[in-house]
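Right, one structure below, let's go through it.
The values are calculated or read from the model by the stated rules, or taken from the named source; none is laboratory data. Keep in mind the model is a prediction, meaning the values are calculated, not measured. Neighbour counts run over all protein chains shown; Cβ positions are idealised from the backbone, glycine included. Each accessible area value is taken on the protein alone, full model and side chains, heavy atoms only, with ligands, DNA and RNA left out. Shrake-Rupley method; radii C 1.70, N 1.55, O 1.52, S 1.80 Å.
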Amino acid sequence: MTGGGSRAETAGGAGARAADAKLLERAREVARIEAAAVAALEFRLGDAFLRAVDVLASCRGKFIVSGVGKSGLLAHQVAATLTSVGTPAVFLHPADALHGDAGLFTPGDAALFLSKSGASEELLALLPYVERHAIPLVSIVAAARSALANRSTVALVTGPVREACPMDLTPTTSLTVAHVAADALAVALLERRGFKPEDFRFLHPGGVLGRAASRRVEELMHAGDAVPRVRGSAGLREVMLEIMEKRLGIATVIDAAGVLAGVISDGDFKRILMKHPDPWHLTAEAVMTATPCTIAPEALVAAAVRMMEERAAGPITALVVVDDERRPIGVLHLHDCLKAGT
């Protein structure tokens, strides 16, 4: 009996392994089917895609993104992606629109509708609102000759694909392809609008700058006696000592009224030493940068970081904070911004 039980267990174990192998192969088949469909999409992106980018990039209002069923769930995510890269977007459920939320449609907006069939009655019911306000409509749709595609300003047709489910019915591959097409639009809009890493950090305060991105410059700046200041008549030795003591990499140069006249950075100081064999007779006024980058205390830290990184003459690590009369009241250092965001 023991031997029979062992044979049964062996047969059962073999059956389980065979079932597992079949499931694993099915999973791999899903990956192959969807990957092939995404690869094919690459060659469908052409003139219509560029027109869609033009239409959406010219929008000065918000994007209204909509879809039904699983396409609706994807539309919700697409709206979030667009918003995160600087294109304000809202998801509108067609059913909610027909019960009062159609007021979201206003002149100057743009619409992005997602649908596999392009024939969903709930979605088509929104078209009169779009057309009434002359809102340009971009659709991501599988069916080229559908009602939605025909009434769109631009239709991105993803085409028929083989669904990954064994019955070729459940929206799987078609949803993946639509998702990739929407991501391609989001990235293209990001490029067209010149969206920068600093913009992303500002909109994602959990990122590199963290919560510091939306804080005011005055909250992080070095103020009072910590601000390095020298008179225009100061010699280079005094300038050097002030930079070393305050440890912010710069010294502000002020006039008799305390107004900012210029800045000398430690990099400037090193270049002066390399250029002049005997520089110690020079004054701060003679070697300073007379048009330094400055920022107001109420400005956002994200804006300050962007200013430091995108300075035309090259990146810098510190900004002089000035008041309304252009008197230096603080220095904001890049390292403090990054430290405050962690």
Please identify the pairs in which a residue from the range 264-276 that is touching a residue at least 24 places away in the same chain (Cβ under 8 Å) has its Cβ atom under 9 Å from the Cβ atom of a residue that is of a type in the set (S, T, Y) and open to solvent by less than 60 Å² (accessible area, probe 1.4 Å), counting only partners at least 6 apart or on another chain. I264/T252; I264/T289; S265/T289
Exactly one of these conditions fails for E310: (1) closer than 22 Å to R216 by Cα; (2) free of Cβ contacts under 8 Å to residues at least 40 places away in the same chain. Give me its number. (2)
Among A134, A143, which is the only one that is surrounded by 14 or more Cβ atoms within 10 Å (Cβ to Cβ), in a loop (DSSP other than H, G, I, E, B) and at pLDDT 90 or above? A143
Of (1) surrounded by 14 or more Cβ atoms within 10 Å (Cβ to Cβ); (2) at negative phi, G118 satisfies every one except (2)
In the range 171-209, the residues that are open to solvent by 30 Å² or more (accessible area, probe 1.4 Å), modelled with pLDDT of 80 or more and among the β-branched types (V, I, T): T172, T176, V180, V187
Residues of the range 74-113 satisfying the condition of being more than 21 Å from the chain's Cα centre (by Cα) and either part of a strand (DSSP E or B) or surrounded by fewer than 14 Cβ atoms within 10 Å (Cβ to Cβ) (or both): A95, D96, L98, H99, G100, G103, T106, P107, G108, F113
What about R32, is it surrounded by fewer than 17 Cβ atoms within 10 Å (Cβ to Cβ), among the charged types (D, E, K, R), closer than 19 Å to E163 by Cα and modelled with pLDDT of 90 or more? yes
When the residues of the range 326-342 are narrowed to those that are modelled with pLDDT of 95 or more and over 19 Å from D266 (Cβ atoms), which ends up surrounded by the fewest Cβ atoms within 10 Å (Cβ to Cβ)? R326
Kindly provide the set of residues from the range 269-307 that are modelled with pLDDT under 90 and assigned to a strand (DSSP E or B), ordered by number. L300
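One line per residue, one yes/no per condition, for (1) modelled with pLDDT under 90; (2) touching a strand residue (DSSP E or B) at 6+ places or on another chain (Cβ under 9 Å):
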position: T87; (1), (2): yes, yes
position: V90; (1), (2): yes, yes
position: D96; (1), (2): yes, no
position: L104; (1), (2): yes, yes
position: L114; (1), (2): no, yes
position: L126; (1), (2): no, yes
position: V130; (1), (2): no, yes
Would a scan of the range 270-283 turn up a residue that is surrounded by fewer than 18 Cβ atoms within 10 Å (Cβ to Cβ), touching a Ser or Thr at 6+ places or on another chain (Cβ under 7 Å) and within 13 Å of M221 (Cβ to Cβ)? no
When the range 40-61 is checked residue by residue, the ones that are open to solvent by less than 50 Å² (accessible area, probe 1.4 Å) and either closer than 19 Å to I140 by Cα or in contact with a Phe, Trp or Tyr (Cβ under 7 Å, 6 or more places away or on another chain) (or both) are L41, G46, A48, F49, A52, V53, V55, L56, A57, C59
Being at pLDDT 90 or above, surrounded by 15 or more Cβ atoms within 10 Å (Cβ to Cβ) and out of contact with any Gly (no Cβ under 7 Å at 6 or more places or on another chain) is true for just one of V259, V321, V230. Which residue is that? V230
Is it the case that some residue within the range 153-170 is open to solvent by 20 Å² or more (accessible area, probe 1.4 Å), in contact with a strand residue (DSSP E or B) (Cβ under 6 Å, 6 or more places away or on another chain) and of a type in the set (S, T, N, Q)? yes
